[in-house]
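Here is the structure we will look at.
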Amino acid sequence: MLDFVQQLVSGIALGCVYGLIALGFVLVYKATEVVNFAQGDLMMLGGFFAFTFIGMLGLNYWVGFAGAVICMALFGMLAERLVVRPILGYPQFSIIMATIGLGYFLRSISGMIWGTDDFKIETPFSQGVLRIGSLVLAYDKLSVIAATIILCALLYLFFNRTTLGTAMRASSENMLAAYYMGIPVKRVVSIVWAISAAVATCAGVLLAPITFIHSNVGLVLGLKAFPAAVLGGFGSIPGAVVGGVLIGVIESMAGFYLPQGWKDVAPYIVLLAVLLLKPEGLFGLHVRKKV
């Protein structure tokens, strides 16, 4: 039973990281109907920025965390302006290829600047455990879960309690109608990309105590976060987080209880099973087409 609980907590912590990356996928898709396949690489770049500020420059953890988030938010706006906006209106395949190319570019630049070694960020939660009887839970994993809950609550309040958040939701529902109502759609889309990059950076920094940061970590985790977004229902913000947690828990449990090799396969088997029964995902809206 103790092993089950520890694996469950580890899976939830890893799933929270998947969920935050998937959240970036969903935010961009809802605002622009563009699938940003560079989302995982934005997480990787944010992790490297945090490592530079905290590990190399010796800044306080929270100062370095905030600096990385701000830098990546600005980079997200820049990427939208230079890469995505010029080709909006072109076939979706062109935009998808542009984001894939952006991911390759970020991985190459990161390898040139920081090298190909693995890096780890020391956090206030890296050491220490919580003991509940015979149960031992690491603070770093608990901090990831707590930070994800806080971040999701802040995003909920932002989208539902602020004027800018309401404008973003209006733009995601109908961009043309929002434009006619006087909403600066281009600026809203740019801010959505900034938020998406900032959320990805939070995922990268939270991931650092659990695993190492390297130039290909974004590709690996992005390939797991995308199915999490699909599982939750592509376009559903709560679904992205829930899908990420489910993928993380299934992966953790399969790695512990099933033979070697099932850890990487089991989440995709569950994804296919869910999509067969519920093609729109767990939280997606079912659209019945008239014949």
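The values are calculated or read from the model by the stated rules, or taken from the named source; none is laboratory data. Worth saying up front: this structure is predicted, and the values here are computed from it rather than measured. Here the Cβ is made from the backbone with ideal geometry for all residues, glycine too, and neighbour counts use every protein chain on show. Just the protein is used for accessible areas: all its heavy atoms, side chains included, with ligands, DNA and RNA removed. Shrake-Rupley method; radii C 1.70, N 1.55, O 1.52, S 1.80 Å.
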Next on the checklist: Let me spell it out: the conditions are (1) open to solvent by 60 Å² or more (accessible area, probe 1.4 Å); (2) in a helix (DSSP H, G or I); (3) farther than 28 Å from Val217 by Cα, and Met168 meets all of them except one. Which number is the exception?
Outcome noted: (1)
Next on the checklist: Can you pull out every residue in region 94-148 that is part of a strand (DSSP E or B) and either farther than 30 Å from Asp3 by Cα or at pLDDT 80 or above (or both)?
Outcome noted: Phe119
Checklist entry - Looking at region 85-107, which of its residues are polar (S, T, N, Q) and touching a residue at least 12 places away in the same chain (Cβ under 8 Å)? => result Gln92, Thr99
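Suppose we filter Leu20, Leu14, Leu82 for residues that are within 13 Å of the chain's Cα centre (by Cα) and open to solvent by 10 Å² or more (accessible area, probe 1.4 Å); which single one remains?
Matching residue, one of Leu20, Leu14, Leu82: Leu14.
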Checklist entry - In this structure, is Ile195 closer than 22 Å to Phe49 by Cβ and in contact with a strand residue (DSSP E or B) (Cβ under 8 Å, 6 or more places away or on another chain)? => result no
Checklist outcome for this item: Taking region 22-37 and keeping only residues that are more than 15 Å from Gly232 (Cα to Cα) and small (Gly, Ala, Ser), one is left with Ala31
Next on the checklist: Being in contact (Cβ under 8 Å) with a residue 60 or more places away in the chain, β-branched (Val, Ile, Thr), out of contact with any Phe, Trp or Tyr (no Cβ under 8 Å at 6 or more places or on another chain) and not in a loop (DSSP other than H, G, I, E, B): is that true of Val5 here?
Outcome noted: yes
Checklist entry - Does Arg107 satisfy the criteria of being under 21 Å from the mean Cα position of the chain (by Cα) and at negative phi? => result yes
Item to check | One residue from Met72, Met77 being part of a helix (DSSP H, G or I), in contact (Cβ under 8 Å) with a residue 40 or more places away in the chain and touching a Gly at 6+ places or on another chain (Cβ under 8 Å) | outcome: Met72
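Right, Gly218: crowded, with 23+ Cβ neighbours inside 10 Å, in contact with a Gly (Cβ under 9 Å, 6 or more places away or on another chain) and over 23 Å from Phe53 (Cα atoms) or not? Explain how you work it out, then say what you get.
Numbers: crowded, with 23+ Cβ neighbours inside 10 Å: yes; in contact with a Gly (Cβ under 9 Å, 6 or more places away or on another chain): yes; over 23 Å from Phe53 (Cα atoms): no.
Spelling it out, it is not the case that Gly218 is crowded, with 23+ Cβ neighbours inside 10 Å, in contact with a Gly (Cβ under 9 Å, 6 or more places away or on another chain) and over 23 Å from Phe53 (Cα atoms).
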Item to check | Subset of region 223-232 [touching a residue at least 60 places away in the same chain (Cβ under 8 Å) and either farther than 14 Å from Val17 by Cα or open to solvent by less than 10 Å² (accessible area, probe 1.4 Å) (or both)] | outcome: Ala225, Ala228, Ala229, Gly232
Checklist entry - So, in region 233-291, of the ones that are open to solvent by less than 50 Å² (accessible area, probe 1.4 Å) and hydroxyl-bearing (Ser, Thr, Tyr), which residue ends up modelled with the lowest pLDDT? => result Ser236
Checklist entry - Could you list, in sequence order, the residues of region 256-278 that are under 25 Å from the mean Cα position of the chain (by Cα), outside any helix (DSSP H, G or I) and more than 16 Å from Gly239 (Cα to Cα)? => result Gly261
Next on the checklist: Given the criteria open to solvent by less than 10 Å² (accessible area, probe 1.4 Å), over 18 Å from Ala22 (Cβ atoms) and within 17 Å of the chain's Cα centre (by Cα), does Ala208 qualify?
Outcome noted: yes
Checklist outcome for this item: Going through region 37-54 in order, the residues found to be open to solvent by 40 Å² or more (accessible area, probe 1.4 Å) and closer than 15 Å to Leu207 by Cα are Phe49
